[in-house]
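Notes to accompany the following structure.
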Amino acid sequence: STFEREYRRAAADRVTVQFQAYYPPPLDCWYAVRAYPTSSGLAVYFQDDTDRRRAEAELRQQADRLRESEERYRTLFESMDEGYCVIEFLDGPHGPLSDYVHVQANPAFTANTGIPDIVGRTVREVVPAEAEEKSRTTPACRAIAPSELSSAGGCTTSGASTSVTSEHATARRR
């Protein structure tokens, strides 16, 4: 076993060894071990490392699940026919939350709107006249309460029309 091999090495070579090893049932535990040669043999210190290893394994599994979920989302986002963008509301010339910046957009959004390189641009940069009109006629764009800033908001496109909806993206105050 790892335990025996490392103990023998510490004793024969007169060196300190540190290692981690699993001890099977009935203990069924992982140990961090340090063995020091002494004049009369070895001093051995054990630390149960099982909980830490289990927590690390759970974190790895969670990270794997998150990565898989993000890959599925990215595949769907990039391949769907419906134009879709994620926006972030910000304060504009007509008060709080009267403008927004495009945070993400899928290829279909560009294809449907004909607007390339939309990410990072505000609606006022892209379609200033429409943004101006919407800020005057759409009170919801100006009346979102701070408690609602983490609620959904976004854009979808289909053909030549674009609509701002509250179901499609995360809106945050910038």
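The values are calculated or read from the model by the stated rules, or taken from the named source; none is laboratory data. Quantities reported herein were computed from a predicted structural model and do not represent experimental measurements. For neighbour counting, all protein chains shown are included, and Cβ atoms are generated from backbone atoms with ideal geometry for every residue, glycine included. Please note that ligands, DNA and RNA were not included when accessible areas were found on the heavy atoms of the full protein model with its side chains. Shrake-Rupley method; radii C 1.70, N 1.55, O 1.52, S 1.80 Å.
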>> Counting heavy atoms of the protein chains only and a 1.4 Å probe, report the per residue accessible area for region 1-128 as a whole number of Å².
In response: 64 Å²
>> Not counting ligands, DNA or RNA, and with a 1.4 Å probe, what is SER39's accessible surface area in Å² rounded to the nearest 10?
In response: 130 Å²
> Quick one: Karplus J couplings for region 60-76, per residue in order, coefficients 6.51, -1.76, 1.60, θ = phi - 60°, nearest Hz, x for Gly and Pro?
Replying inline: 4, 5, 5, 4, 5, 5, 5, 4, 5, 5, 5, 5, 5, 4, 4, 4, 4
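Net charge near ALA108: determine it from the other residues with C-beta under 13 Å of the C-beta of ALA108, scoring Lys and Arg +1 and Asp and Glu -1. Walk me through the numbers before you get to the answer.
On the way: positive: none; negative: GLU78, ASP81, GLU82.
With Lys, Arg at +1 and Asp, Glu at -1, the neighbours total -3.
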>> Give me Rg/Rg_expected for region 1-146, where Rg uses Cα atoms only and Rg_expected = 2.2 N^0.38 Å with N residues.
In response: 2.08
>> Out of the total accessible area of region 1-112 (probe 1.4 Å, heavy atoms of protein only), what percent is carbon and sulfur?
In response: 51 percent
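On a full-extension model of 0.36 nm per residue, what is the gain between PHE19 and ALA57, subtracting their alpha-carbon distance, rounded to one decimal in nm? Can you show the working numbers first?
Details: separation 38, 0.36 × 38 = 13.68 nm, distance 1.87 nm.
Net length gain for the segment: 11.8 nm.
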>> Net charge around GLU78, counting only other residues with Cβ within less than 14 Å of its Cβ (Lys, Arg = +1; Asp, Glu = -1)?
In response: -2
> Looking at region 13-83, which GluC sites (Glu not before Pro) are in a loop (DSSP not H, G, I, E or B) and have at most 15 other Cβ atoms within 10 Å?
Replying inline: GLU82
